[in-house]
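S.K.: Could you have a look at this structure, given as structure tokens, before my questions?
Any read-out appearing in this document is the output of simple, stated calculations on the displayed coordinates, not a laboratory observation. None of these values were measured; they are calculated from a predicted model. No Cβ is skipped: glycine too gets one built from the backbone with ideal geometry, and neighbour counts run over all protein chains shown.
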Amino acid sequence: MARKVVLAVLFAMACAGVERAEAQGLRGWIDRLSGPGPFEGYGVLVEPVCYGVPRIPPPQDPVDRNLTLLGDCDRQHWRLDLGVEVSFYHANRNPLSYPDDPPNERREVDLRMVVPYVDLVPRPWIELGAGLGVAWFSGDLFDTNATLVIQPVRATVKPLVLLFGDKNPALTVLQLRGLLTIFPGGFDATDFGAEPGSWSVGTEVLPSWQIVIDASEWVFRTR
């Protein structure tokens with residue numbers, strides 16, 4: 001139990017140092033590229049399908065797993081959640097070189113991502129998964145451009161469940177998530193409208209953090 005307490009406290013401290021929880025959905029932070037960033041923003045997650053033991057009717061031994069719509073799988077058995085995350089990030093910092101040295105407000109960069117993902121839920125307090133999707137960068141100084149985004153690691157901890165157990169569904173609402181966000185292929189200055197040849201970088205592997213308020217956990221457990 002002591003190991004679980006330490007894990008929960010360390011994970012909570014790491015995430016709390018980056019962001020605060022919002023009323024619903026998620027708030028996230030992605031480390032900066034070698035150029036623009038860091039990126040801060042919001043998003044929503046939808047998990048319409050799960051593979052596991054249906055919650056209704058109540059599972060009996062031996063348990064049979066199958067695909068279930070609306071994520072209505074029994075939380076006491078391992079399951080796979082299939083979902084999609086839509087997020088919107090913004091970076092105020094952009095140190096790239098531009099010909100006319102535009103003001104900071106024109107240098108800002110927006111980032112949108114749509115990432116389908118699969119999460120394995122071996123225990124009620126932890127989720128492990130991966131995602132693959134598309135990211136769009138946009139700004140005043142360049143045209144919108146799209147790139148592949150990979151999240152090979154998605155690790156989610158529900159600290160209140162870890163500390164106090166899964167009896168009370170309200171404890172599942174708070175979730176702390178750490179990710180690796182990869183932009184394969186890299187970027188160069190022209191991707192952001194900057195001076196050609198002034199900057200380029202290969203594949204970027206960036207740490208990413210989210211604080212999630214997941215009301216669906218409470219709905220499915222209490223209805």
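S.K.: Kindly indicate whether any position in segment 129-137 is on the phi < 0 side of the Ramachandran plot and assigned to a helix (DSSP H, G or I). Talk me through it step by step, then tell me what you get.
M.R.: Taking segment 129-137 and keeping what is on the phi < 0 side of the Ramachandran plot, we get 129-137.
Checking which are assigned to a helix (DSSP H, G or I) leaves us with none.
No, segment 129-137 contains no residue that is on the phi < 0 side of the Ramachandran plot and assigned to a helix (DSSP H, G or I).
S.K.: Only residues that are in contact with a helix residue (DSSP H, G or I) (Cβ under 7 Å, 6 or more places away or on another chain) and not in a loop (DSSP other than H, G, I, E, B): list them for segment 92-112, please.
M.R.: Within segment 92-112, Val109 is the sole residue that qualifies.
S.K.: Would segment 158-167 turn up any residue that is in a helix (DSSP H, G or I) and either of a type in the set (Ser, Thr, Tyr) or in contact with a Pro (Cβ under 8 Å, 6 or more places away or on another chain) (or both)? So that I can check it myself, show each step before the final result.
M.R.: Step one: filter segment 158-167 for residues in a helix (DSSP H, G or I), giving 159-164.
Next, only the ones that are either of a type in the set (Ser, Thr, Tyr) or in contact with a Pro (Cβ under 8 Å, 6 or more places away or on another chain) (or both) stay: 161.
Looking for residues that are in a helix (DSSP H, G or I) and either of a type in the set (Ser, Thr, Tyr) or in contact with a Pro (Cβ under 8 Å, 6 or more places away or on another chain) (or both), one finds at least one in segment 158-167, hence yes.
S.K.: Checking Asp72 against (1) touching a residue at least 40 places away in the same chain (Cβ under 8 Å); (2) touching a strand residue (DSSP E or B) at 6+ places or on another chain (Cβ under 7 Å); (3) under 26 Å from Val201 (Cβ atoms), which test does it fail?
M.R.: For Asp72, the exception is condition (3).
S.K.: Which of the residues spanning segment 168-189 are in contact (Cβ under 8 Å) with a residue 40 or more places away in the chain and not in a strand (DSSP E or B)?
M.R.: Residues satisfying the conditions are Pro169, Ala170, Thr172, Val173, Ala189.
S.K.: Let me ask something additional. Hey, Trp209 hits all of (1) part of a strand (DSSP E or B); (2) farther than 19 Å from His90 by Cα; (3) in contact (Cβ under 8 Å) with a residue 40 or more places away in the chain but one; which does it fall short on?
M.R.: Failed condition: (2).
S.K.: Working carefully through the options Val63, Val46, Val121, Val115, find the one that is among the β-branched types (Val, Ile, Thr), part of a strand (DSSP E or B) and surrounded by fewer than 20 Cβ atoms within 10 Å (Cβ to Cβ).
M.R.: Working: Val63 fails: part of a strand (DSSP E or B); Val121 fails: surrounded by fewer than 20 Cβ atoms within 10 Å (Cβ to Cβ); Val115 fails: surrounded by fewer than 20 Cβ atoms within 10 Å (Cβ to Cβ).
After ruling out the rest, the residue left standing is Val46.
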